[in-house]
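Bear in mind these aren't lab numbers, they're just calculated from the coordinates by the rules spelled out. What you are looking at is a predicted structure, and each value in this text was computed from that prediction instead of being measured. Note that each Cβ is placed from the backbone with ideal geometry, even for glycine, and that neighbours are counted across all protein chains shown.
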Amino acid sequence: MARYRSDFAEYPGDTRFERLVENLRRESPELREWWARYDLAGESDGRKELFYPEVGSLVLEHTTLRPPADPDPKVIAYTPADEEDASRLAEVLRINTERLPGPGRSGDGESQGQPSSTWQSGSETGS
């Protein structure tokens, strides 16, 4: 239903959407309660698991945000799935920051300004 709500938001004023929602809200107490929460989800919401040799598995949840008036531009927000993943992400950032050359940093000479941590994509699931 959250995906339907997202689709509904893309077509403001579409009487077909509005009639269907009105009928469903009239017939279903559960839908009335849910609709009032205004939950949204897109097809590209989900979880992504990455593997970093230095810290192991890192699970990130992601949401894609698109403006209803123009769905072409988008912003993808990644957040750690839980506190353990937040700690692992902080460690990956710390490791890669230390590897960058710059004032007061040794750098590894090979990265040429790019993080040198290697990662492997694990799995991705949609919600």
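The figures follow:
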item: Nearest-0.05 FRET efficiency for residue 96 and residue 34, computed from C-beta distance (R0 30 Å); result: 0.15
item: For peptides 87-97, 17-27, sequence by mean Cβ density within 10 Å, most packed first; result: 87-97, 17-27
item: Inter-probe distance in nm under a simple model that places probes 7 Å from Cα toward Cβ, at residue 82 and residue 25; result: 3.7
